[in-house]
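Remarks on the structure that follows.
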Protein chains: 2
Amino acid sequence: MKSILSIGATSALCASFLFGATGNDLVKKALDSGLKPIPTGNELKKLTGLDKATKAQIELGKKLYFDPRISGSNLISCNTCHNLGLGGTDVVPAAIGHKWTPNPSHLNSPTVYNSVFNSSQFWDGRSAHLQDQAKGPIQSAPEMNADPKIVLAKIQSIPAYVTEFKKAYGNNVKIDFDLVADTIAIFEKTLVTPSRYDDFLRGNTKALSKDEQEGLNIFIDKGCIACHTDINLGGTLQPLGVAKEYKFASVGGFKGDANGMVKTPTLRNILETMPYFHNGQYWDVKDAIKEMASIQLGDEISDEDVKKIETFFNSLTGTKPEIIYPMLPAQSIDTPKPKFD
Amino acid sequence: MKSILSIGATSALCASFLFGATGNDLVKKALDSGLKPIPTGNELKKLTGLDKATKAQIELGKKLYFDPRISGSNLISCNTCHNLGLGGTDVVPAAIGHKWTPNPSHLNSPTVYNSVFNSSQFWDGRSAHLQDQAKGPIQSAPEMNADPKIVLAKIQSIPAYVTEFKKAYGNNVKIDFDLVADTIAIFEKTLVTPSRYDDFLRGNTKALSKDEQEGLNIFIDKGCIACHTDINLGGTLQPLGVAKEYKFASVGGFKGDANGMVKTPTLRNILETMPYFHNGQYWDVKDAIKEMASIQLGDEISDEDVKKIETFFNSLTGTKPEIIYPMLPAQSIDTPKPKFD
């Protein structure tokens, strides 16, 4: 008996060595390593803050999110750079804004999907939450280039918007720039995309194929989960270039926050949100995986392992919420006119 | 009896003189003058050509319409200038395209809604139909600036697009630029917006308020229907500046077609599609009505009549089709990259 058990144990060890954990063992390993599924039901509402939001607020937030009149030129909406049809991003290396200006630090637009799960917002994490984040690009000269006073004057001059703010916040609502940003953020909090990966982490071991499980196992074993962790497989500030300098560090010259920390992007929907890295220098996710392994882990990872991790990424493509395209209220003769310079 | 009848007739004449036709008389007058409701059911399908279209074609057309990767830069979609949330237009005087370039003739983006009812497309009517129109802005350097070969290479490199073309047109489909434009046009043909005005023309005399009916009556009596006629209250080529030169004729220098003819814009949803005229010089529809009466009819129309015509325009704001925002297929590593210069 003893020798059979011993052979069994050796065999399990070999299988683990060759293929890593699978099935329930892999679920446990993933959860133990810090990965978490997107919660559901009331837990999700509480985590995102949507337990306090009303349907009227979400609908109004959606309109503001899609309304290009929130920009100085009437041409750029939140959805321009965070396009909900394109994985919540714009599929260009650096965001292009007002007057066709590329982002001054050549920064790539991060996806808005699941951004509520990030522990901070922007590549340097300078906003603690989406409400604060939303105020940035609206005002930024190379992005939407809007004076908050003009944004408010536009909204106040559009009767149907005023009515909707009253519906959302009561008749005595004071429409200010913070409330506009808060309302946009409420809509953004609905943009979560659960996938087969979440089913797997909740114990449905058939939700991921054998190859995807193998990729997840490598992803954990290699140490990618040191930064790509928690619900979003990312979303916290981390040092970039731990083992080696990032090959394209000079493009745009972005240095991260005061301590040189850079926000780890979520890997959810990663196969839809090329190009990669904060300055969008890699179009092929395989190249991005290789570069990350090299500069963060000092690991010249094999093509085979890269391919397996990419296969695992398929399981992170989530189901997007159905968005009925909003019909935006007509403006009045008092609405401030667009400015293009 | 005879004198009573005579008094009755005189009284009817007076009422007609003071208030014009109303109710069923006005319906008859409108139809006799050439105005027509948007047809319904099979009649509409036949008129628009949708009787030959499949659901798969319409859905694919919607994706292409919303996909900014159809432009050279990946930044501009059909919906950028013909925004379905903004009355099918962009609410700026002149369209702004690639590299933030204003339309060289300072032309205003016409609404895509109901454009299928126009007898020709573009302000100079140079396209006979939407299939031909769609090919223009995609290629135009100051608009979407895309080489048709690159558009096709992008589509061919996106596996889900190829699958959808096969679903729409059969496994042997040859995806060429004409077919891309045709497919976009099929979606555009669904963008019709029936309103209370159509109910009225079909005999529901309560569909328009008394004031709106008075406005419609003035609209007919003044002669606006000479150009703003048929289903779209517009959509055919007409001379501009019949009685007097258009005040802002020099802005952009647009001269119409070879014979100086300009496409009359539809008045459907006109209260959502400011600014007005081919070069977008009037933001207040009242000013546009005055200018039109002056330069086309030689009529210095009273403020009161202008106000009544504006009131009538309310009835032309139609019900928009519900659009579920399309999730666009992810590109591959073979997809041509965006170009910004």
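The values are calculated or read from the model by the stated rules, or taken from the named source; none is laboratory data. It should be emphasised that the depicted structure is a prediction, and the values quoted were computed from it without experimental measurement. Positions of Cβ are backbone-derived with ideal geometry, glycine not excepted, and every protein chain shown enters the neighbour counts. Just so you know, the surface numbers come from the protein's heavy atoms only, side chains and all, with ligands and any DNA or RNA stripped out. Shrake-Rupley method; radii C 1.70, N 1.55, O 1.52, S 1.80 Å.
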Among the residues listed as B:165, B:187, B:177, B:200, the single one being touching a Phe, Trp or Tyr at 6+ places or on another chain (Cβ under 8 Å) and among the aromatic types (Phe, Trp, Tyr): B:187
Members of segment B:188-229 that are closer than 27 Å to residue B:84 by Cα, of a type in the set (Lys, Arg) and outside any loop (DSSP other than H, G, I, E, B): B:196
Hey, residue B:85 part of a loop (DSSP other than H, G, I, E, B), in contact with a Lys or Arg (Cβ under 6 Å, 6 or more places away or on another chain) and either open to solvent by less than 40 Å² (accessible area, probe 1.4 Å) or not acidic (Asp, Glu) (or both) or not: no
Residues being part of a loop (DSSP other than H, G, I, E, B) and charged (D, E, K, R) - total across segment B:253-297: 4
Selection from segment A:171-225 of residues that are among the small types (Gly, Ala, Ser) and either open to solvent by 40 Å² or more (accessible area, probe 1.4 Å) or within 30 Å of residue A:323 (Cα to Cα) (or both): A:181, A:185, A:195, A:203, A:207, A:209
Considering residues of segment A:260-286 that are touching a helix residue (DSSP H, G or I) at 6+ places or on another chain (Cβ under 9 Å) and open to solvent by 20 Å² or more (accessible area, probe 1.4 Å) only, the residue farthest from the other protein chains (Cβ to nearest Cβ): A:277
Conditions (1) part of a loop (DSSP other than H, G, I, E, B); (2) surrounded by fewer than 20 Cβ atoms within 10 Å (Cβ to Cβ); (3) within 14 Å of another protein chain (Cβ to nearest Cβ); number of the one not met by residue B:250: (3)
Cross-chain or 6+ apart pairs with Cβ under 6 Å, segment A:213-225 first and touching a residue at least 40 places away in the same chain (Cβ under 8 Å) and more than 19 Å from residue A:264 (Cβ to Cβ), then assigned to a loop (DSSP other than H, G, I, E, B) and among the aliphatic types (A, V, I, L, M): A:217/A:21
Residue list for segment A:95-108, restricted to those being more than 9 Å from chain B (Cβ to nearest Cβ) and out of contact with any helix residue (DSSP H, G or I) (no Cβ under 7 Å at 6 or more places or on another chain): A:97, A:103, A:104, A:105, A:106, A:107, A:108
Selected residue [among the aliphatic types (A, V, I, L, M) and within 30 Å of residue A:64 (Cα to Cα)] from B:95, B:53: B:95
Count of residues meeting criterion [facing chain B (nearest Cβ under 7 Å) and surrounded by fewer than 14 Cβ atoms within 10 Å (Cβ to Cβ)] in segment A:325-336: 1
Residue A:118 outside the structural domain of residue A:253 (by TED's automatic domain parsing), open to solvent by 10 Å² or more (accessible area, probe 1.4 Å) and more than 15 Å from the chain's Cα centre (by Cα): no
Residue list for segment A:61-72, restricted to those being more than 9 Å from chain B (Cβ to nearest Cβ), out of contact with any Lys or Arg (no Cβ under 8 Å at 6 or more places or on another chain) and open to solvent by 10 Å² or more (accessible area, probe 1.4 Å): A:62
Boolean, residue B:154 is open to solvent by 40 Å² or more (accessible area, probe 1.4 Å) and either among the charged types (D, E, K, R) or in contact with a strand residue (DSSP E or B) (Cβ under 7 Å, 6 or more places away or on another chain) (or both): no
Where residue B:317 falls short, out of the listed (1) over 19 Å from the mean Cα position of the chain (by Cα); (2) β-branched (Val, Ile, Thr); (3) assigned to a loop (DSSP other than H, G, I, E, B): (1)
Filtered residue count, segment A:141-157, keeping only those that are within 18 Å of residue A:79 (Cβ to Cβ) and out of contact with any Gly (no Cβ under 7 Å at 6 or more places or on another chain): 3
Contacts under 6 angstrom Cβ, first residue in segment A:40-51 being touching a residue at least 12 places away in the same chain (Cβ under 8 Å), partner surrounded by 12 or more Cβ atoms within 10 Å (Cβ to Cβ) and of a type in the set (A, V, I, L, M), 6 or more apart: A:48/A:116
Filtered residues of segment B:39-54 (kept if closer than 13 Å to residue B:194 by Cβ and small (Gly, Ala, Ser)): B:41
Answer from A:324, A:289, A:301, A:333 - the residue that is β-branched (Val, Ile, Thr) and in contact (Cβ under 8 Å) with a residue 40 or more places away in the chain: A:301
Criterion: touching a residue at least 40 places away in the same chain (Cβ under 8 Å), of a type in the set (A, V, I, L, M), closer than 24 Å to residue A:109 by Cβ and touching a Pro at 6+ places or on another chain (Cβ under 8 Å) - qualifying residue of A:262, A:251: A:262
Selection status of residue B:291, charged (D, E, K, R), open to solvent by 20 Å² or more (accessible area, probe 1.4 Å), closer than 24 Å to residue B:113 by Cβ and not assigned by TED's automatic domain parsing to the domain that holds residue B:232: no
Residue B:30 open to solvent by 20 Å² or more (accessible area, probe 1.4 Å) and either away from every other protein chain (no Cβ under 14 Å) or assigned to a helix (DSSP H, G or I) (or both): no
Hits in segment B:88-104 (condition: in a loop (DSSP other than H, G, I, E, B) and among the hydrophobic types (A, V, I, L, M, F, W, C)): B:91, B:92, B:94, B:95
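Residue-by-condition table, conditions (1) within 12 Å of chain A (Cβ to nearest Cβ); (2) assigned to a helix (DSSP H, G or I); (3) hydroxyl-bearing (Ser, Thr, Tyr):
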residue: B:37; (1), (2), (3): no, no, no
residue: B:47; (1), (2), (3): no, yes, no
residue: B:56; (1), (2), (3): no, yes, no
residue: B:59; (1), (2), (3): no, yes, no
residue: B:74; (1), (2), (3): yes, no, no
residue: B:110; (1), (2), (3): no, no, no
residue: B:125; (1), (2), (3): no, no, no
Set B:245, B:310, B:300, B:322: member being within 14 Å of chain A (Cβ to nearest Cβ), open to solvent by 10 Å² or more (accessible area, probe 1.4 Å) and either polar (S, T, N, Q) or assigned to a loop (DSSP other than H, G, I, E, B) (or both): B:322
